[in-house]
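Below is one structure, written out as structure tokens; comments come after it.
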């Protein structure tokens, strides 16, 4: 991971503003994955057992969507961080299941 994008993270550029405007944390966050190939991102997402691929944030399930899912394969540029952006919505599942799922996803990248 290069960096996490989450307003309640003290390293977030508008952390103080987020604390004033949002009294409690929430379950939507993004991060940039260190990947040089689109296949690495696909393998990471496909390796998830608890997180489901989706584009709607309205349910109770944990969801994952990579930014590159909506682009042509030939347009993928690993030098562009937006192409390596992953968004997560944290649902109601047990935190240990979600942490394990993410760990397995990251471990799967190394096999490429």
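No lab work stands behind these numbers, since they all come straight from the coordinates. Computed from a predicted model, the values in this text were never measured in an experiment.
Look at the Cα gyration tensor of segment 3-109: its axes a ≥ b ≥ c give a/c of at least 1.5 with a/b at or below b/c, and that counts as oblate.
Judged by the ratio a/c of the largest to the smallest principal axis of the C-alpha gyration tensor, segment 1-66 counts as oblate, that ratio being 1.5 or greater while a/b is no larger than b/c.
By the helix-only formula, in which each DSSP H run with n ≥ 4 contributes -39500 (n - 2.57) and the sum is divided by residues, the chain has a 222 nm mean residue ellipticity of -8000 deg cm²/dmol.
Between the helical axis of 95-109 and the longest alpha-carbon principal axis of the chain there is an angle of about 30 degrees. For segment 3-109, the relative contact order works out to 31 percent when only alpha carbon pairs closer than 8 Å and six or more residues apart are counted.
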